[in-house]
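In what follows, a single structure is set out as structure tokens and then discussed.
The values are calculated or read from the model by the stated rules, or taken from the named source; none is laboratory data. This structure is a prediction, so every number in the text was calculated from the model and none was measured. As a convention, Cβ positions derive from the backbone with ideal geometry for all residues, glycine included, and neighbour counts pool all protein chains shown. Surface accessibility is based on the protein's heavy atoms, side chains included, excluding ligands, DNA and RNA. Shrake-Rupley method; radii C 1.70, N 1.55, O 1.52, S 1.80 Å.
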Amino acid sequence: MYHFIVFAPLVGFLLAGLFGKTLGKTGSQLVTSGLLVFSAILSMFAFYDVVANGNVQTIAVADWVTSGSLNFDWGFKIDTLTAVMLVVVTLISALVHIYSIGYMAHDPDNPRFFAYLSLFTFAMLMLVTADNLVQMYFGWEGVGLASYLLIGFWYKRPSANAAAIKAFIVNRVGDFGFGLGLFAIFMVFGTVYLDPIFAAAPGQAGMTFNFLGYSVDILTTICIMLFIGAMGKSAQLGLHTWLPDAMEGPTPVSALIHAATMVTAGVFLVVRMSPLFEQAPIALMMVTIVGAATAIFTATIGLVQNDIKRVIAYSTCSQLGYMFFAAGLSAYGAAMFHLFTHAFFKALLFLGAGAVIHAVADEQDMRKMGGLKSMIPKTYILMIIGTISLTGFPLTAGYFSKDMIIEVAYASHGAVANFAWWAGISVALMTSFYSWRVIFMTFHGKPRAPKEVMAHVHDSPNVMIVPLIVLATGAILAGWFFSGSFVGDGYDRFWNGSIFLIGQNILEEAHHIPWGDILGKWLPTIMMAAGFGIAYLFYCRGGDLPAKTARAFKPVYNLFYNKWYFDEIYDFLFVRPAFFIGRVFWKIGDGLIIDGLGPDGISAVVVRLAGRVRKIQTGFIYHYAFAMLIGVAALVTYFMFFRGGI
């Protein structure tokens with residue numbers, strides 16, 4: 001069963017990629033989508049088998065590498081953490097495949113697109129099922145490659161090519177950290193298998209190594225390097241700049257990358273490596289601070305963006321920040337619960353945005369929309385469901401998971417936890433505001449699109465709507481059905497040792513916050529309601545209030561609108577110097593020195609000498625005799641003066 005779950009997408013990729021012209025558009029769609037649907041169904045059975053029957057196992061797949069002391073095979077580590085990720089990845093990917101049948105119906109490169117989607121899914125499944133770090137790194141890099149191909153799918157667009165390259169390069173920075181962490185783990189533990197590493201981790205607690213005269217904690221260093229890798233994949237502060245630009249890819253790609261797969265890989269890595277992170281409290285503090293800072297930072301940017309997909313993309317960064325600071329506070333179950341619920345409502349929002357874009361002739365600027373509520377009512381209702389879940393409306397999936405994270409921060413102690421709590425509360429307000437801003441600007445008010453566009457606005461076909469209905473169901477019910485297992489009374493039985501903790505589970509203390517505690521229990525909901533009220537005031541009753549506010553706070557507005565000038569700063573600090581150094585090596589190093597003194601210089605000398613020698617080849621015998629006479633005279637002179645006589 002597990003072999004089919006993992007390798008079915010690979011088969012789909014090979015069939016659509018190699019035989020796409022033979023299969024045709026419809027054949028490629030059916031083969032790849034059918035295999036993903038079957039994989040998703042099997043993943044649900046696997047989830048039940050692991051959770052209900054406790055069938056935790058390691059499955060050997062194939063021999064892989066034996067090189068000196070480095071030995072590892074290809075295998076699957078099947079536990080609750082893996083089972084959760086299998087359901088999330090395969091289900092969202094299957095729904096994206098089906099949705100894409102309608103969304104990409106008129107694209108001439110359908111087989112290539114569906115092949116890339118399946119390749120991406122296979123790489124992600126390799127990552128989450130890995131029983132050793134090298135296999136995980138293989139999937140990690142495979143996800144990066146597939147995301148590059150998908151983001152740059154429309155390769156004739158310069159902006160798509162630039163976004164794909166940017167995503168690839170920024171992720172390489174994070175991947176370098178993951179690679180260093182992997183090397184360090186092998187040096188310290190002598191193995192890359194997860195279970196032996198976890199078993200030996202307590203013995204390495206407090207151990208140090210000497211670096212430039214300083215004693216540095218080994219596990220803290222390893223965990224920080226792993227977290228740098230997680231920051232790249234999950235677009236955390238500093239390595240976040242690639243994710244909004246990834247909107248250049250087709251909308252189904254945005255849903256797949258930003259909802260449930262690539263961006264959650266970093267969260268999965270931290271949770272999977274919890275036995276190491278629990279022994280490195282400083283690294284956990286770093287995870288908390290970076291996650292909370294990312295949540296605030298990206299939420300402020302989302303407040304003022306006008307591209308509907310970019311607003312949702314920055315929302316993804318912000319929600320990932322929630323997951324990370326939950327993991328940093330050792331609430332790994334809460335982090336995974338929010339990852340689980342987030343997959344439903346964020347995929348719903350992205351695919352819903354795709355339905356809107358599909359309806360308005362590929363327009364993405366919300367300032368050119370408006371008045372769509374009555375024209376695409378199905379999409380409107382589904383987008384409302386995704387929005388209320390994202391903002392944490394009571395009893396929706398987002399309410400159960402996000403509020404639990406905020407309660408964990410409230411129940412934790414220390415300055416770092418307090419910072420995370422204030423960040424969580426602030427972001428709850430901003431999330432509600434920009435989410436409802438999307439709804440009001442897109443669906444309410446007067447139509448702002450050209451009449452010829454509005455005349456053809458219509459709801460998407462059922463092949464696009466049905467996946468949205470499935471996701472909407474999850475966005476409403478996932479919290480009801482799974483909160484008890486992920487973060488409630490069934491926690492220990494559900495996770496069954498796949499998550500490691502030292503000391504008391506902070507979730508226990510979070511559950512005991514009194515219901516009368518306004519700060520602990522009700523403030524997130526109050527912030528959610530306040531964000532809705534402010535957005536309604538600004539965009540339904542305020543007239544030109546948004547423009548007046550932007551003018552009144554122009555420096556702040558410009559700061560947020562220009563994404564805190566991170567791209568400009570990176571351009572100044574890294575891109576321009578890199579281009580300058582490249583030009584120096586190209587023009588001076590390669591052109592002037594290497595080519596000038598090497599091939600070009602030698603060849604030029606040879607050409608000049610050959611030209612001069614050619615002039616003495618006259619064809620007259622007396623010229624050659626005269627040259628021979630001069631040669632004999634020179635030879636005699638040499639022996640007389642320099643060799644002591646003839």
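Can you tell me the mean projection area, over all orientations, of the convex hull of region 48-154's alpha carbons? Units nm², please.
It is 8.2 nm².
For region 414-457, what mean projected area does the convex hull of the alpha carbons give, in nm²?
3.9 nm²
Consider the candidate values [x] 120, 70, 53; [y] 85, 67, 45; [z] 118, 69, 57; state which one is Cα extents along the principal axes in Å computed from the structure displayed.
Read-out taken from this structure: [z].
Once the Cα atoms of helix 158-189 and of the chain are each reduced to a long axis, what angle between those two axes, in degrees from 0 to 90 to the nearest 10, is obtained?
90 degrees
Probe radius 1.4 Å, ligands and nucleic acids left out: which of PHE340, PHE168 has the largest accessible area, and how do the rest follow?
PHE168, PHE340
Would you mind pulling out the separation of the Cα centroids of region 12-73 and region 280-322, in Å?
32 Å
Among all the lysines, which ones have a C-alpha under 22 Å from LYS451's C-alpha, if same-chain residues fewer than 8 places away are not counted?
LYS368, LYS373, LYS378
How do 623-630, 25-32 rank on mean C-beta neighbours within 10 Å, highest first?
Going from most to least packed, we get 25-32, 623-630.
Quick one: of LYS21/LYS309; LYS77/LYS233; LYS166/LYS548; LYS156/LYS402; LYS346/LYS548; LYS21/LYS166, which pairs are farther than 29 Å apart, Cα to Cα?
From the list (LYS21/LYS309; LYS77/LYS233; LYS166/LYS548; LYS156/LYS402; LYS346/LYS548; LYS21/LYS166), the Cα-Cα distance tops 29 Å for LYS21/LYS309; LYS166/LYS548; LYS156/LYS402; LYS346/LYS548; LYS21/LYS166.
Please calculate the 1.4 Å probe accessible area of ARG157, with all protein chains present, and give it to the nearest 10 Å².
Approximately 110 Å² for this residue.
Give the ranking of MET187, MET104 by solvent-accessible surface, highest area first, calculated with a 1.4 Å probe.
MET187, MET104
Just to confirm the number: angle between the C-alpha axis of helix 194-204 and the first principal axis of the chain, 0 to 90 degrees, nearest 10?
Helix 194-204 sits at roughly 90 degrees to that axis.
Run the accessible area of region 61-100 with a 1.4 Å probe and give the carbon-and-sulfur part as a rounded percent.
Ligands and nucleic acids excluded, carbon and sulfur reach 54 percent.
Relative to the longest principal axis of the C-alpha atoms of the chain, give the angle of the C-alpha long axis of helix 80-103, reported between 0 and 90° and rounded to the nearest 10°.
80 degrees
So, taking all protein chains as they sit and a 1.4 Å probe, how much accessible area belongs to SER603, in Å² rounded to tens?
Here the accessible area works out near 60 Å².
Using alpha carbons only, what's the Rg to Rh ratio of region 1-47 with Rh from Kirkwood?
1.05
Need one number: convex hull volume per residue for region 91-190, Cα atoms only, in Å³.
89 Å³
Starting from 0.36 nm per residue, how many nanometres of slack lie between LYS554 and MET207 once their C-alpha separation is accounted for?
That pair, LYS554 and MET207, stretches by 119.8 nm at full extension.
Return the whole-Å distance between the Cα centroid of region 597-615 and the Cα centroid of region 498-532.
81 Å
Please calculate the 1.4 Å probe accessible area of ILE469, with all protein chains present, and give it to the nearest 10 Å².
Surface open to solvent at ILE469 totals about 80 Å².
At a 1.4 Å probe radius, which order do TYR148, TYR48, TYR314 fall into by accessible area, largest first?
TYR48, TYR148, TYR314
Leaving out ligands and nucleic acids, and using a 1.4 Å probe, what accessible area per residue does region 466-526 come to in Å²?
With all protein chains present, region 466-526 gives 54 Å² per residue.
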